[in-house]
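The values are calculated or read from the model by the stated rules, or taken from the named source; none is laboratory data. Owing to the predicted nature of the structure, the values given are computational and were not obtained by experimental measurement. Cβ placement follows ideal geometry from the backbone for every residue including glycine, while neighbour counts extend to all protein chains displayed. The accessibility values were calculated without ligands, DNA or RNA, using every heavy atom of the protein model including side chains. Shrake-Rupley method; radii C 1.70, N 1.55, O 1.52, S 1.80 Å.
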Amino acid sequence: MTRSRRMLVTSALPYANGSIHLGHLVEYIQTDIWVRFQRMRGHDVHYVCATDAHGTPTMLRARELDVSPEELVERVRIEHERDIRSFGVDFDNFDSTHSPETKHYVLDIYGKLLERGHIDRRAVNQAYDAIERMFLPDRFVRGTCPHCGASDQPGDACESCGRVNTPKDLVDPVSVLSNSPPIYKDSEHFFFRLGEFEEFLRDWIASAPLDESVRNKLQEWFAKGLADWDISRDAPYFGFEIPGVDDKYFYVWLDAPVGYFGSFSQYAARVGIDASDYLNADSDYELYHFIGKDIVYFHALFWPAVLFGAGYRPPTAVFAHGFLTVNGEKMSKTRGTFINAAAYRDRLDPTYLRYYYATKLSAGIDDIDLNLDDFVSRVNSDLVGKFVNIASRSAGFLTKHFNGELAHELHDAALYDQFTAAIEPIADLYEGREYAKAQRRIMALADEANQYVDTHKPWQLLKDAERKAEVQLIATQALNMFRALAIFLSPVIPSIGRQARDLLAEERWDWDSVSTPLLGTRINLFQPLLTRIEKKAVEALASASAESLPSNAPPPTDKPTSTMDEATIDIDTFRQIELRVAKISAAALVEGADKLLQLTLDLGPMGERQVFAGIRQHYDPAQLVGKLTVCVTNLAPRKMRFGVSEGMLLAASDDSGVFLLSPDSGAIPGMPIS
């Protein structure tokens, strides 16, 4: 047994403007597997979470439903907790961030940061909706991206090219609340001086067990420079008021991670432990956060610096995961692959999903794919065909012919040694969050167990009275191998683990229980542990998901989420987009514009078009003349300050630049793209 450790573990907080779906569950299942494994190792682990309550979207959604924000948050919190727990996720506490405990820690952290000189105050010129009479979060301003020309993009980051923007960068911006152009007004805001903590953060990143890709991304942000972080918002706003000033509230990204401590404090008070023991800077307790890769900046830069600056302990580690795709694509309601947790739970056993996610998850941040055909095949093959099959084949021999009694010795001790030899290697894989590798190792052992039964054929030995006693030995060996597999799988499929313990008449297991085989005891009557997934059940789930399109989508969030939200069009809508080959016959700088070029496009029989494109920083106009590209030609003309833009060019982009798309050689101007 390893030295007992004391840990506080959290998952990122689901936001209060939507239901839990299969994308969210990647994180909660990943965290729960790790927590259950640590508990089986004998460690003292507390696992907490909460609904992320605050922000403008919650306020507006409550207004739309004619309820108070507090009532809406509590309603959503109950739904979130119910849906996540139904997938076997064993929280010690699930609260909301709108709690007295969270407020206590927010005020304490802010007060210490202010006292130590880590808070700055200065005026900010920001978007304001004169009709709604409120300052607008960046995502509540939408317009055309100046980098790639994509329309209807939010004012923080383009969803098409990924470039970071501000509302002022957008072309023809409008408020999503009133559809009117925002005006800009000054307002005093509070800033956390993140740049002051660069040395601490570099040291923390160097020592924390972070994935290498996360570490590299953090280094990129250092290269760009750590900007001060705006931690305040203007009224009206749903959140905690900043003390000592009127009509100012803490930004949700300050109080959301503090909600981890609020939820833990609520739990600690309930069970009689001292929460401060886990949170003090000199504590030897461990603090782990599981998050999606899109909120690494907040959890691996902003959050550790805030904690360190306020005299709290920084995280021991931040573990990031990738997003979920379904059948290789972003989740989609129209394709029936945007599946809510409740819809799945009502139709399929959550055990299936827990195991399938485990076969996909690693310590990295690559996206994982839920391929529905592979889902059916993998679960039926591994869990039913390999794992459960061992018990269903063997237990009956004992109950029918040996009064349910296990033999007093193993039939093949050397074979069982392969299972005990796997105790630490599999533990190392779980510890390192290499769940997929762990499942492969476990299923390789399951193959050994099934091969053993096939080789010895106990059903034939029963026909020979002189060899009948061997059947008890063989069944005992098989059930002990099944037991070892069930222990190894218990963090992933805990409900099946409990049923396996019931079969074997054992009250509890720890991780090292594998090392001591179960001999000379009486088992209970075998009950079916798991049935095969029927493909038609998965098809019915997809069909039900496609039919359950909401009539009133929630308002946009003013903060990133750790899930993949649906933003798709159907094929009929796509066919309405007219794409044609265009030849750039002229290109010129636009006076008074830092990012635009004025392009004249030759579209062959369709004549010429004028297009303004935000590519000035990436192309010399002279280099563009004569270049073939692709244009959206049936886009409504858009009047801009510099003239009328009569189309849109297709481009690709990443951190290295913007690149116009070009057809193969031989294409001619005006040729349709099909």
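The figures follow:
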{"item": "Within segment 437-538, GluC sites (Glu not before Pro) in DSSP loop having at most 16 other beta-carbon neighbours inside 10 Å", "result": "Glu506, Glu507, Glu534"}
{"item": "Positive-end residue of Tyr110, Phe402, Leu22, charge dipole of the chain with Cβ unit charges", "result": "Phe402"}
{"item": "Estimated inter-spin distance, Asp369 and Glu405, nm [label 7 Å along Cα→Cβ]", "result": "5.5"}
{"item": "Separation of the Glu466 and Trp221 label points, Cα + 7 Å toward Cβ, nm", "result": "7.6"}
{"item": "Share, in percent, of DSSP beta bridges within the chain that are antiparallel, nearest 5", "result": "70"}
{"item": "Spatially proximal lysines relative to Lys468 (Cα-Cα < 20 Å; intrachain offsets below 8 disregarded)", "result": "Lys400, Lys457"}
{"item": "Rounded to 10°, Cα long-axis angle of helix 198-207 versus longest principal axis of the chain", "result": "30"}
{"item": "Surface accessible to a 1.4 Å probe, per residue, for the residues of segment 249-303, Å²", "result": "28"}
{"item": "For segment 25-179: accessible area per residue (Å², 1.4 Å)", "result": "37"}
{"item": "Sorted peptide list for 495-505, 407-417, criterion being average Cβ within 10 angstrom, highest first", "result": "495-505, 407-417"}
{"item": "Full-stretch length increase - Gln610, Glu64 - with 0.36 nm per residue and alpha-carbon distance subtracted", "result": "192.3 nm"}
{"item": "Violating pairs (Cα-Cα greater than 25 angstrom) within the set Lys293/Lys386; Lys293/Lys330; Lys224/Lys293; Lys224/Lys595; Lys217/Lys360; Lys168/Lys248", "result": "Lys293/Lys386"}
{"item": "Taking the chain and dividing mean pair separation by its residue count, relative contact order in percent (alpha carbons under 8 Å, at least six apart)", "result": "16"}
{"item": "Cβ-Cβ FRET estimate between Leu519 and Phe200, R0 fixed at 56 Å, reported to 0.05", "result": "0.50"}
{"item": "Probe 1.4 Å, accessible area per residue of segment 320-382, Å²", "result": "33"}
{"item": "Charge dipole (debye, nearest 20) of the chain; +1 at Cβ of Lys and Arg, -1 at Cβ of Asp and Glu", "result": "1120"}
{"item": "Calculated FRET efficiency for the pair Arg347/Gln451, C-beta based, R₀ 35 Å, to 0.05", "result": "0.50"}
{"item": "Distance from segment 368-410 to segment 83-107 (C-alpha centre basis), Å", "result": "37"}
{"item": "Set of aspartates and glutamates near Lys583 by C-alpha distance (under 19 Å), chain-local residues within fewer than 8 positions excluded", "result": "Asp602, Glu608, Asp620, Glu646, Asp664"}
{"item": "Rounded, prolate or oblate (a/c below 1.5 giving rounded, otherwise prolate when a/b exceeds b/c) for segment 228-337 by Cα gyration tensor", "result": "oblate"}
{"item": "Cα shape, segment 153-239, gyration tensor, a/c 1.5 rule", "result": "prolate"}
{"item": "Cα convex hull volume per residue for segment 453-523 (Å³)", "result": "100"}
{"item": "Segment 397-520 - percent of accessible surface contributed by carbon and sulfur, probe 1.4 Å", "result": "46"}
{"item": "Residue-averaged 222 nm ellipticity for the chain, from DSSP H runs of 4+ at -39500 (n - 2.57), nearest 500", "result": "-11500 deg cm²/dmol"}
{"item": "Portion, in percent, of the accessible area of segment 190-322 that falls on carbon or sulfur, probe 1.4 Å", "result": "47"}
{"item": "Using θ = phi - 60° and Karplus 6.51 cos²θ - 1.76 cosθ + 1.60, couplings along segment 462-468 (whole Hz; Gly, Pro as x)", "result": "4, 6, 9, 4, 6, 10, 4"}
{"item": "For segment 235-246, Karplus couplings with θ = phi - 60° (6.51, -1.76, 1.60), whole Hz, Gly/Pro x", "result": "5, x, 7, 9, x, 8, 6, 7, x, x, 8, 8"}
{"item": "Thr420/Ile577 FRET efficiency (R0 56 Å; Cβ-Cβ; nearest 0.05)", "result": "0.35"}
{"item": "Prolate/oblate/rounded label for segment 14-148 (Cα gyration tensor, a/c 1.5)", "result": "prolate"}
{"item": "Estimated distance in nm for a label pair at Asp274 and Tyr297, the labels positioned 7 Å out from Cα along Cα-to-Cβ", "result": "3.9"}
{"item": "In degrees, nearest ten, helix 494-504 long axis to first principal axis of the chain (Cα)", "result": "0"}
{"item": "Interatomic Cα distance distribution for segment 54-212, bins of 5 angstrom, percent", "result": "1, 7, 10, 10, 13, 17, 18, 15, 7, 1, 0"}
{"item": "Nearest 10 degrees, 0 to 90: helix 535-547 Cα axis against the chain principal axis", "result": "30"}
{"item": "Cα-derived Rg to Rh of the chain, Kirkwood definition", "result": "1.04"}
